[in-house]
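Since the structure comes first, as structure tokens, the remarks are kept for the end.
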Amino acid sequence: MSGIVAVAMVVVPLACWGMSLYKLRDLARDPGNRPLRALCVALWSITLALTVQPVGPWLDQRLGVLDVARLTGNCLTLVCVTAGQAFHLYMTGTDAATERRVRRRWVLLAVAVATMIVLFVRTPPAADLADPRVLSRDYYAEPFDAPFLYVYLAYLGWSLAQMAILANRYARIAHRPLLRFGLRLITVAAVSGLLYAAGKLVAVVAGVFRPGLVPAVDSLVILCFTTSILLALIGSTIPSWGPRVGLDRLWAWAGALRDYYRLHPLWRRIHAVLPQIALLPPPSGLRGFLSVARDASLRRVRITVEILDGYAGLRPWMSAEVAAAARQVAREQGLPVEEQAVVVEAAVIGAALRARRQGGSAVAPGDPAVEVPFHDPEAGDGDLGAADQVTWLARVARALATPTVEMIIARAAPPVGLGTPGPAGRP
């Protein structure tokens, strides 16, 4: 653990310096960009906080005040998390309401920093600068306890919780994959930061009751701190440098490959009954995987089209009676409206596949056929876009394997007219 911590303490500050300089160049090109200004403040404040930390004993001796470096680093860390909140708020707009929310956070920061400084000045130092423990730096390895520390941890915990909420909220509505990924990393970074704050409190308690645990707790605290900074650093900057190194293309390829294999279970069920939907022999084995991976985007389009062709071929076997039964079961289970539609579509497709495979029709006399795929209730009256359609079909594929849908299909009326096509005739 100590080796990992030592490496992190070197790598993270260097990464912070590099990214801070990189974003400063971007700010010079676009000085009016408020989110970018807030991001630069966050990056530079945490960079300076990390730079102060290793030279803290030297700085204390130079300034003649014990723990002034600790106070400085903690204040800079609070500036970082406040600027991080401003960055997330500015991402949604720069109107007057957003400005007021950002201004309130800077006022809270000023109050917290002023309180910390007053408490620091009014609290007698824990040791003299000439104390052998201070000169040997053993003092800096001991659990630190001072009144201003609790103000620091309280404000830090509140700010990190706010950042986690904001980043997670905006990740759900972000359209750019790298931006969404970056916001997810920031959410994880905020959670890791909260663990750091909790660890600092545990270290203080351990120093009083279980001194032997202090080294292990300190190592975990430092690891959580550096992990939080590194993840936040990557998450906040990856939308700008990611496309330059090809991460957007890699992400698109990985997404296409993932979508293909999410759709494959549904395609396989339909292909087993309607093999004519396949334009090419289905891929199998390592060679098949490599062929899919080589043209993942094209394969995703093809498998989607083939599934919809299968839907068209199964239409005479799609029963409104099965749909009604499925909808009733979904409502009884208290599923959300959107999930109810997924269950209904999966049940209709599963029953149609069973009926078609057995040579009859799932549509009873007088029972109208059902048109699928259904629309996403959140998407309005228009057709689903290509990406939404893939997501929808993947959810149907997953629902087909659930006990609920299997139960609905098993309860469906047995196929009628075995060996006879349904009312609409065979495709």
* Picking from 167, 189, 198, 171, which residue would you name as being in contact with a helix residue (DSSP H, G or I) (Cβ under 9 Å, 6 or more places away or on another chain), more than 17 Å from residue 229 (Cβ to Cβ) and of a type in the set (Gly, Ala, Ser)? -> 171
* Which residues, counting only those in the range 91-129, are closer than 30 Å to residue 35 by Cα, open to solvent by 70 Å² or more (accessible area, probe 1.4 Å), β-branched (Val, Ile, Thr) and without any contact (Cβ under 8 Å) to a residue 60 or more places away in the chain? -> 107, 111, 117
* Taking residue 249 and the conditions (1) within 19 Å of residue 399 (Cα to Cα); (2) charged (D, E, K, R); (3) free of Cβ contacts under 8 Å to residues at least 24 places away in the same chain, which numbered condition does it fall short on, given that it satisfies the others? -> (1)
* Taking residue 297 as the residue in question, decide whether it is closer than 20 Å to residue 349 by Cβ, of a type in the set (Ser, Thr, Tyr) and touching a helix residue (DSSP H, G or I) at 6+ places or on another chain (Cβ under 7 Å). => no
* Do you know which of the residues in the range 25-76 that are exposed (fewer than 14 other Cβ atoms within 10 Å of the Cβ) and aliphatic (A, V, I, L, M) is farthest from residue 232 (Cα to Cα)? -> 63
* Structure fact -> Residue pairs within 6 Å by beta carbon, gap of at least six or interchain, first lying in the range 135-152 and modelled with pLDDT of 85 or more, second open to solvent by 50 Å² or more (accessible area, probe 1.4 Å) and among the hydroxyl-bearing types (Ser, Thr, Tyr), listed first then second, are 151/115
* The listed residue being buried (at least 23 other Cβ atoms within 10 Å of the Cβ) and free of Cβ contacts under 8 Å to residues at least 40 places away in the same chain, out of 305, 322, 348 -> 348
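Examine the range 233-252 for a residue that is over 17 Å from the mean Cα position of the chain (by Cα), crowded, with 17+ Cβ neighbours inside 10 Å and among the charged types (D, E, K, R), and state whether such a residue exists. So that I can check it myself, show each step before the final result.
Here is the first cut: in the range 233-252, the residues over 17 Å from the mean Cα position of the chain (by Cα) are 240-241, 243-246, 249-250.
Filter again for crowded, with 17+ Cβ neighbours inside 10 Å, leaving 240.
From what is left, the residues that are among the charged types (D, E, K, R) are none.
No, every residue in the range 233-252 fails to be over 17 Å from the mean Cα position of the chain (by Cα), crowded, with 17+ Cβ neighbours inside 10 Å and among the charged types (D, E, K, R).
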* Structure fact -> Picking from 257, 298, 266, 290, the residue that is in contact with a Gly (Cβ under 9 Å, 6 or more places away or on another chain), within 30 Å of residue 180 (Cα to Cα), of a type outside the set (Asp, Glu) and in a helix (DSSP H, G or I) would be 266
* Structure fact -> Pairs returned, first residue in the range 258-271 that is crowded, with 19+ Cβ neighbours inside 10 Å, second residue that is basic (Lys, Arg), beta-carbon separation under 8 angstrom, 6 or more apart or interchain, are 259/300; 260/299; 260/300; 263/300
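The values are calculated or read from the model by the stated rules, or taken from the named source; none is laboratory data. None of the values given here were measured: they were computed from a predicted structure. Heads up, the Cβs are rebuilt from the backbone with ideal geometry, glycines too, and the neighbour counts pull from every protein chain shown. What goes into the accessible areas is simple: the full protein's heavy atoms, side chains included, and nothing from ligands, DNA or RNA. Shrake-Rupley method; radii C 1.70, N 1.55, O 1.52, S 1.80 Å.
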